Amino acid sequence: QVQLVESGGGLVQPGGSLRISCAASGTIFTIYTMDWYRQAPGKQRELVAAVTSGGSTTYADSVKGRFTISRDSAKNTLDLRMNSLKPEDTAVYYCHALLAPTGAGGGYDYWGQGTQVTVSS
């Protein structure tokens with residue numbers, strides 16, 4: 001059984017910073033990619049940032065230059081450092097991983113339960 005558990009969300013003022021983290025646990029053979037998605041009320045879930053096992057990163061245009069994704073492959077953890085936060089960054093942030101639980105077969109999608117980030121004065 002694989003679990004992704006997020007932590008670190010909360011309330012922050014516009015222009016402030018916040019770091020959220022995700023820890024993957026359970027039976028894991030290899031993790032291909034780990035990503036952060038977010039979903040604001042009334043909107044579709046969107047990709048915020050992604051990092052591959054090789055360290056390549058991708059960011060949504062709306063967060064480039066403000067957010068930094070990092071991954072510790074040895075610990076199976078994922079962080080998202082968010083700077084210069086804006087009210088429009090308010091959303092539930094979800095950790096996602098494409099991983100193989102065993103050495104046989106392909107990768108599967110796993111999601112965390114989400115952590116709320118609210119940017120408001």
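The values are calculated or read from the model by the stated rules, or taken from the named source; none is laboratory data. Treat the numbers as computed from the prediction; the structure is a model and nothing was measured. Here the Cβ positions follow ideal geometry from the backbone for every residue, glycine too, while neighbour counts run over all protein chains shown. Surface accessibility is based on the protein's heavy atoms, side chains included, excluding ligands, DNA and RNA. Shrake-Rupley method; radii C 1.70, N 1.55, O 1.52, S 1.80 Å.
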- Note on the structure: Note: among Ser70, Ser84, just one is closer than 20 Å to Gln116 by Cα, open to solvent by less than 70 Å² (accessible area, probe 1.4 Å), among the polar types (S, T, N, Q) and not in a loop (DSSP other than H, G, I, E, B), namely Ser70
- Note on the structure: All conditions in (1) in a loop (DSSP other than H, G, I, E, B); (2) open to solvent by 60 Å² or more (accessible area, probe 1.4 Å) are true of Gly55 except (2)
- Item | The listed residue being in a loop (DSSP other than H, G, I, E, B) and either within 12 Å of the chain's Cα centre (by Cα) or at negative phi (or both), out of Asp61, Asp109 | Asp61
- Task: Kindly indicate whether any position in the range 103-118 is open to solvent by 40 Å² or more (accessible area, probe 1.4 Å), more than 29 Å from Gly26 (Cβ to Cβ) and touching a residue at least 40 places away in the same chain (Cβ under 8 Å).
- Result: yes
- Per the list (1) closer than 30 Å to Pro14 by Cβ; (2) buried (at least 20 other Cβ atoms within 10 Å of the Cβ), residue check on Ala24 breaks on (1)
- Item | Contacts under 6 angstrom Cβ, first residue in the range 11-35 being under 12 Å from Val117 (Cβ atoms) and assigned to a strand (DSSP E or B), partner open to solvent by 40 Å² or more (accessible area, probe 1.4 Å) and hydroxyl-bearing (Ser, Thr, Tyr), 6 or more apart | Leu11/Thr118
